[in-house]
Amino acid sequence: MTLQHRDGQRFHFDAGALCLELLLTGGPGPVAARYEVLDDARGLHDWIRDCRLAPGPDVTVTPAELTAVRTVRDALWRLALARAGGEAYDRRDLAAVNEAAAGAPLAAVIRPDGTRAWAPGATGTRLLATVARDAVELLTGPYADRIRVCGADDCALLFADTSRPGRRRWCSMERCGNRHKVRAHRARTPGEGAGEEGRGREGWRHDS
């Protein structure tokens with residue numbers, strides 16, 4: 001996905017999993033809550049357009065389904081952070097994800113030209129089941145131990161490192177990786193200013 005920081009910089013971000021892409025829509029706590037976009041169905045539709053489901057299905061979303069998506073998304077935040085920090089899962093968060101995963105997911109179909117499309121009748125519940133099943137696969141699969149928070153101390157983005165070496169540290173080399181290199185260079189070079197110190201925590205929005 002392409003994200004845009006509050007300072008205007010656009011950068012590519014690979015969350016490594018569909019369920020972690022959902023975390024870009026906001027979440028619990030003061031940092032993620034500042035970027036909440038699921039106040040109405042339009043925010044969810046924008047996310048569907050930009051996430052790895054693209055071209056996304058035409059999803060009908062009720063207010064109750066939108067509330068359910070936010071509930072599961074917040075649970076995924078806590079579960080992913082727990083896994084990244086080597087902490088125990090909250091049983092209530094597990095129950096929320098497992099309940100959503102038990103539903104019928106979105107149905108993919110093959111077009112005559114060989115591309116993927118989505119079967120009619122997509123709903124918020126089916127979308128949520130698809131995301132929750134992806135979370136089950138991630139948290140029980142080979143990349144569970146590679147769920148990480150970006151290495152920058154002012155970035156809260158979570159990702160699963162699916163690279164072969166498994167040494168990914170940054171949400172994006174274009175953003176936090178490059179900023180780290182600049183700071184390291186300045187630290188080695190006498191007379192260089194602090195530059196970006198005191199900028200505050202990261203903010204983001206997904207941008208097509």
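The values are calculated or read from the model by the stated rules, or taken from the named source; none is laboratory data. If you're wondering where the values come from, they're calculated on a predicted model, not measured in any experiment. So basically every Cβ, Gly included, is an ideal-geometry build from the backbone, and we count neighbours across all protein chains shown. SASA here: full protein model, heavy atoms, side chains in, ligands and nucleic acids out. Shrake-Rupley method; radii C 1.70, N 1.55, O 1.52, S 1.80 Å.
Key figures
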| item | result |
| --- | --- |
| Residue among Ala144, Ala160, Ala129, Ala135 that alone is in contact with a Gly (Cβ under 7 Å, 6 or more places away or on another chain), within 21 Å of Leu81 (Cβ to Cβ) and at pLDDT 95 or above | Ala160 |
| From the options Pro63, Pro57, residue that is of a type outside the set (A, V, I, L, M, F, W, C) and either open to solvent by 70 Å² or more (accessible area, probe 1.4 Å) or under 14 Å from Cys19 (Cβ atoms) (or both) | Pro63 |
| Whichever residue in segment 37-52 is closer than 23 Å to Arg148 by Cβ and assigned to a loop (DSSP other than H, G, I, E, B) and, among such residues, is most open to solvent (accessible area, probe 1.4 Å) | Arg52 |
| Selection status of Leu76, under 17 Å from the mean Cα position of the chain (by Cα) and not polar (S, T, N, Q) | yes |
| Given (1) open to solvent by 60 Å² or more (accessible area, probe 1.4 Å); (2) modelled with pLDDT under 95, index of the condition Cys171 fails | (1) |
